[in-house]
Amino acid sequence: MRKALCVGIDSYSLIDDLAGCVHDANAVKAALERNGDGTRNFDVKLMCATSESTYITRGALKDAVEDLFRSEDEIALFYFAGHGSLDACGGYLCTSENFRIDDGFSLNDLMQYVAKSPAHNKIIVLDSCHSGAVAGVPSMPTYSALGNGTTILAACGPREGAAEYDGHGVFTALFTEALYGGAMTLLGDVTPGSIYAYIDRSLCAWDQRPIFKANISSFVSLRKCAPLISVGELHKLTEFFETPSYEYPLDPSYEPDKHEVEDKSVNKEHEEIFALLQKYVKLNLVVPYGEEHMYYAAIRSKACKLTVQGQHYWNLVKKGTI
């Protein structure tokens, strides 16, 4: 099973209300529930505080988190959007009844539930101020305490605020973009590592700095999008290129547009191969060798070769890992 708890708190009794957290929780829920092809992905529980009648208390949040992490699931994912606070003992997720800084749900308590969870992969995603304090060790501020199989994505550093823009959390807007394909691999998988890289590249040095912490042996896919290339097409890398450094020879028979050559004869097999080679070029797997463009590499009987990324995927195919 793949379970997710998405929490958004806009409404507070004694501190300022927020405007976009409930919307963000709903957006993350929608992104996680279905893969790109419409198949079921996560079973999502949504908790939202939009008014006094729907306040989320510390006890209610604690119970929901405990329930999320109690089972031996493939993935247990916790997402929170709301106020966050920090004191000398660590960080807190502010719940609706908060009166003072340490009234909220302690990030230390959160990590205790995560540490004891039998779930194979525990994913924590926090869009709140000071969220980077999660899994910190107050007596050793440069260290973090993470149990095996745990991954954390936090909106900002321990001493930073989490910004909102146009009614959305800046971090969550990028997080959902990443889930919908912005951070997918060639085969369509979106992993926590690719999500962090996408968010990190999208924010400049003057923005809040997202935090990534992990104690894992491999990345798990959080969502499957439509792949940029099929597995079968990737497997042909080892058919066309005998070795990672092999230069695949071309000639005019590969190029459908033969207006610059005298021989206009058609070779369908070569043209089909050339179409796939050009697809590789668009995905940065192959480059023409000796010419700037694939068209002239074919017309002038040059060659093409694998890029460094192409060599990487060639090796993966050869090892049978894809």
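Kindly evaluate Leu61 against the criterion of being open to solvent by 50 Å² or more (accessible area, probe 1.4 Å), under 19 Å from Thr172 (Cβ atoms), aliphatic (A, V, I, L, M) and touching a strand residue (DSSP E or B) at 6+ places or on another chain (Cβ under 9 Å).
Numbers: open to solvent by 50 Å² or more (accessible area, probe 1.4 Å): no; under 19 Å from Thr172 (Cβ atoms): yes; aliphatic (A, V, I, L, M): yes; touching a strand residue (DSSP E or B) at 6+ places or on another chain (Cβ under 9 Å): yes.
So Leu61 fails the test.
Could you please find all residues in the range 69-93 being of a type in the set (A, V, I, L, M, F, W, C) and open to solvent by 10 Å² or more (accessible area, probe 1.4 Å)? Spell out the reasoning first.
To start, the set of residues in the range 69-93 that are of a type in the set (A, V, I, L, M, F, W, C) comprises 69, 75-78, 80-81, 86, 88-89, 93.
Scanning the range 69-93 gives Leu86, Ala88, Cys89.
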Legend entry - Pairs where the first residue, in the range 53-79, is over 16 Å from Ile123 (Cβ atoms) and the second is open to solvent by less than 10 Å² (accessible area, probe 1.4 Å) and at pLDDT below 95, C-beta under 7 Å, 6+ apart: Arg58/Gly104
Inset, instruction - Of all residues in the range 63-106, count the ones that are of a type in the set (Ser, Thr, Tyr) and in contact with a Pro (Cβ under 9 Å, 6 or more places away or on another chain). - result: 1
Legend entry - Residue satisfying all of: in the range 21-41; touching a residue at least 60 places away in the same chain (Cβ under 8 Å) and in a loop (DSSP other than H, G, I, E, B); surrounded by the most Cβ atoms within 10 Å (Cβ to Cβ) among these: Asn41
Inset, instruction - Spot the failing condition for Met111; the list is (1) surrounded by fewer than 24 Cβ atoms within 10 Å (Cβ to Cβ); (2) within 23 Å of Ala30 (Cβ to Cβ), and only one is missed. - result: (2)
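Within the range 61-129, which strands (runs of 3 or more DSSP E) (wholly inside it) include 1 or more residues that are farther than 25 Å from Thr191 by Cβ? Explain how you work it out, then say what you get.
Numbers: elements: 75-81, 84-87, 90-93, 121-127.
Once the strands (runs of 3 or more DSSP E) in the range 61-129 are filtered for at least 1 residues that are farther than 25 Å from Thr191 by Cβ, what remains is 84-87, 90-93.
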Legend entry - Residues of the range 42-58 satisfying the condition of being touching a Lys or Arg at 6+ places or on another chain (Cβ under 8 Å) and open to solvent by less than 30 Å² (accessible area, probe 1.4 Å): Phe42, Val44
Inset, instruction - Go through the range 290-306 and give me each residue that's surrounded by fewer than 16 Cβ atoms within 10 Å (Cβ to Cβ) and farther than 15 Å from Glu260 by Cβ. - result: Gly290, Glu292
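Are any residues in the range 230-242 open to solvent by less than 60 Å² (accessible area, probe 1.4 Å) and either touching a residue at least 60 places away in the same chain (Cβ under 8 Å) or closer than 16 Å to Gln309 by Cβ (or both), and if so, which ones? Step through it out loud before you land on a result.
Our first condition is that a residue be open to solvent by less than 60 Å² (accessible area, probe 1.4 Å); within the range 230-242, this holds for 230, 232-234, 237-238, 240-241.
Across the range 230-242, the qualifying residues are Glu233, Leu234, Leu237, Thr238, Phe240, Phe241.
Going through Thr151, Thr172, Thr191 one at a time, which residue ends up being among the polar types (S, T, N, Q), closer than 16 Å to Asn35 by Cβ and open to solvent by less than 50 Å² (accessible area, probe 1.4 Å)? Spell out how you get there, then give the answer.
Working: Thr151 fails: closer than 16 Å to Asn35 by Cβ; Thr172 fails: closer than 16 Å to Asn35 by Cβ.
Going through Thr151, Thr172, Thr191 in turn, just one is among the polar types (S, T, N, Q), closer than 16 Å to Asn35 by Cβ and open to solvent by less than 50 Å² (accessible area, probe 1.4 Å): Thr191.
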Legend entry - Which numbered condition Tyr55 misses (of (1) more than 20 Å from the chain's Cα centre (by Cα); (2) over 30 Å from Asp103 (Cα atoms)): (2)
Legend entry - Contacts under 7 angstrom Cβ, first residue in the range 4-20 being more than 19 Å from Arg223 (Cβ to Cβ), partner open to solvent by 20 Å² or more (accessible area, probe 1.4 Å) and among the hydroxyl-bearing types (Ser, Thr, Tyr), 6 or more apart: Asp10/Thr50; Ser11/Thr50; Ser11/Ser51; Ser11/Thr54; Ser11/Tyr55; Ser13/Tyr55
Legend entry - Pick from the range 279-289, criterion open to solvent by less than 40 Å² (accessible area, probe 1.4 Å) and not in a loop (DSSP other than H, G, I, E, B), ranking: nearest to Leu250 (Cα to Cα): Pro288
Inset, instruction - Can you work out which of the residues in the range 194-213 that are among the hydrophobic types (A, V, I, L, M, F, W, C) and over 30 Å from His235 (Cβ atoms) is most open to solvent (accessible area, probe 1.4 Å)? - result: Trp206
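The values are calculated or read from the model by the stated rules, or taken from the named source; none is laboratory data. Small disclaimer: the values here were computed from a predicted structure and weren't measured. Methodologically, a virtual Cβ is constructed for each residue, glycine included, from the backbone with ideal geometry; neighbour enumeration extends over all protein chains shown. With ligands, DNA and RNA removed, areas are computed over all heavy atoms of the protein, side chains included. Shrake-Rupley method; radii C 1.70, N 1.55, O 1.52, S 1.80 Å.
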